[in-house]
1. Would you please list the contacts, defined by Cβ atoms under 8 Å and residues six or more apart or on different chains, that run from a residue in the range 292-303 that is touching a residue at least 24 places away in the same chain (Cβ under 8 Å) to a residue that is in a loop (DSSP other than H, G, I, E, B) and among the acidic types (D, E)?
2. Determine which member of the set A345, A363, A356, A404 is touching a residue at least 24 places away in the same chain (Cβ under 8 Å) and over 24 Å from the mean Cα position of the chain (by Cα).
3. Inside the range 248-257, can you point out the residues that are more than 15 Å from G34 (Cβ to Cβ) and crowded, with 24+ Cβ neighbours inside 10 Å?
4. Looking only at the range 177-218, how many residues end up being within 24 Å of A36 (Cα to Cα) and either of a type in the set (A, V, I, L, M, F, W, C) or out of contact with any Cys (no Cβ under 8 Å at 6 or more places or on another chain) (or both)?
5. Go through E454, E425, E355 for me and flag whichever is surrounded by fewer than 17 Cβ atoms within 10 Å (Cβ to Cβ), assigned to a helix (DSSP H, G or I) and either touching a helix residue (DSSP H, G or I) at 6+ places or on another chain (Cβ under 6 Å) or assigned by TED's automatic domain parsing to the domain that holds D470 (or both).
6. Could you check the range 1-106 for helices (runs of 4 or more DSSP H) lying wholly inside it with 1 or more residues that are modelled with pLDDT of 80 or more?
7. Does the range 111-121 contain any residue that is in a loop (DSSP other than H, G, I, E, B), closer than 21 Å to Q163 by Cα and among the polar types (S, T, N, Q)?
8. Can you say whether L157 is buried (at least 17 other Cβ atoms within 10 Å of the Cβ) and assigned to a helix (DSSP H, G or I), as far as the supplied structure shows?
Amino acid sequence: MRRRDFLRGAIAASVAYRLVPAWAHAGAPLLRFGAASDVHMRRRHPLFPWVRGSEDNDVYLEKALRWFDRMLVDAVVFPGDLADLGLIPQLEQFADTWNRVFPKCRAADGRPVARIAVTGNHDIGQWPSLWKRVSEEDQRKWRFDHPDNLAQTWRRLFDEDWQLVSRHDVKGVSFICAQYMALHPPVEKYFNEHGAELDQNKPFFFVQHAHPSGTCFSDSKRGMWDHDMRGETTRTLSRFPNAVALSGHTHNSVVDDRSVWQGAFTSINCGCTWGAGLVYYDRDNALAPFFGDYKHQRMASLVPLENAGRCCLAFDVFADHLVIHRWCVQTDEPVGDDRVVPLPAATGGPFDYAEAVRRRREAKFGPQFGDGAAITVERCAESPKNIGPKLKGKSVVRVTFPAARSVHGVRVFDYIVRVLCDGREVVKSVVLAPGFFLPERLACISGEALFAAEELPVDKAVLVSVTPRDCYGVEGETLTSTSVHARGWHKLREARPRHC
């Protein structure tokens, strides 16, 4: 057996059984680097005093940078959304935070640490309606992407020329960087002209803000990819099996296994140091209020955009694999076990989505409820605090259930909660697992779903079932309640009020 085949088999087994093979950490890597996406510096400004009030994102960025320093990284990658409103003072806040930890791009022990950053939608062109209210003079003074400011501000803060596509080499490993996709960086042209210069015997990294089209979270209906590139990035990188794309934008947690995608190349979601979860919208407790379909939710958003799921990554780069360390910035601890990613990319590997689903279903690796788990069904005499817009003003029935357990490292991601009558489904709710984005020791949080009493049949017995699923939709065994009679649930009980 060739070593390459052995590595693929070993890595596939390690992913399935939550074991990191000893050889994955053996020997010195080519380099180690950190990645922190969507840091969203939010320094207030008199132009917009009523927008984006909290100012603590620099605190969490600094915590991530301190961890990178402890990890002795050679570089740190920032895949966009450095500022929240595209204000020059917010870019300065980002630079100030970096300089507190790595002044002049040097660590405390004097070693060089390269800063590799690109812009995202919040840095470039995100807020045209806000800027319409501002004079041309003030725009020229404060707006980062104003034509008079962009290049000179980038040079002043980052000590490098502004280029739509640029290359950085760190310890012999290349990072190709593309600025925000709406600027249409000439990715294909760059690789046509310079692709032959890249070493094919080790990985290189491509950095942009949004995930390349059809890669990370490609089973999501929202599809928050690099639409402005019209597939150019994916088409171009597909020529390079040793390419590794690094991106963010979705704010999705690095706990989610779909954060690593492999096909013709490798694509990795770098998480977010601000907060988690933009493509989890088709669950009844997960959509942020600024999305139009929020009004259809039964529950308020479980994962607020701020202060939830803050995470970052550190990479050990070897010629034939990556070891990815996942870190929770909120609690300063690993958010999950290390991931081992084989290189170069190939279909059928451990991070091929279709193959991952097939293997997990065959092995029955869906998350499971523990022995003695039970479902509780009760009517709320008062409106629950987490009620969503769909149920406002209605009599509400609450279903609660314990957290499902991991099976061989496969964690629960969401639950399907069904109400059944005469063997048929009456109504269902899909809810995100409350602790899915937390370190596993903190993730054992019971789940719940809310229904309007009017959604349930009157004068008939019902059963409630709860099915746990992993992030790929692989199901564990279903937990079912005892028979519950729904008589009178369309009316509020005349009893002493109590909160759900």
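1. Going by the 8 Å Cβ cut-off, the qualifying pairs are Q297/D284; R298/D284; M299/D284.
2. Values: A345 fails: over 24 Å from the mean Cα position of the chain (by Cα); A356 fails: over 24 Å from the mean Cα position of the chain (by Cα); A404 fails: over 24 Å from the mean Cα position of the chain (by Cα).
Going through A345, A363, A356, A404 in turn, the sole match is A363.
3. Our first condition is that a residue be more than 15 Å from G34 (Cβ to Cβ); within the range 248-257, this holds for 249-253, 255-257.
Those that are more than 15 Å from G34 (Cβ to Cβ) and crowded, with 24+ Cβ neighbours inside 10 Å: H249, T250, H251, N252, S253, V255, D256.
4. Of the range 177-218, the ones within 24 Å of A36 (Cα to Cα) are 177-185, 187, 202-218.
Subsequent filtering for residues that are either of a type in the set (A, V, I, L, M, F, W, C) or out of contact with any Cys (no Cβ under 8 Å at 6 or more places or on another chain) (or both) retains 177-185, 187, 202-207, 209-218.
So the answer is 26.
5. Working: E425 fails: assigned to a helix (DSSP H, G or I); E355 fails: either touching a helix residue (DSSP H, G or I) at 6+ places or on another chain (Cβ under 6 Å) or assigned by TED's automatic domain parsing to the domain that holds D470 (or both).
Unique residue meeting the criteria: E454.
6. On the way: elements: 3-17, 57-70, 88-101.
Output list reads 57-70, 88-101.
7. Within the range 111-121, one or more residues are in a loop (DSSP other than H, G, I, E, B), closer than 21 Å to Q163 by Cα and among the polar types (S, T, N, Q).
8. On the way: buried (at least 17 other Cβ atoms within 10 Å of the Cβ): yes; assigned to a helix (DSSP H, G or I): yes.
Here the answer is yes, as L157 does meet what is asked.
The values are calculated or read from the model by the stated rules, or taken from the named source; none is laboratory data. Predicted model only: the values in this text are computed from it and were never measured. Quick reminder, even Gly has a Cβ in these numbers, built from the backbone with ideal geometry, and neighbours come from all protein chains shown.
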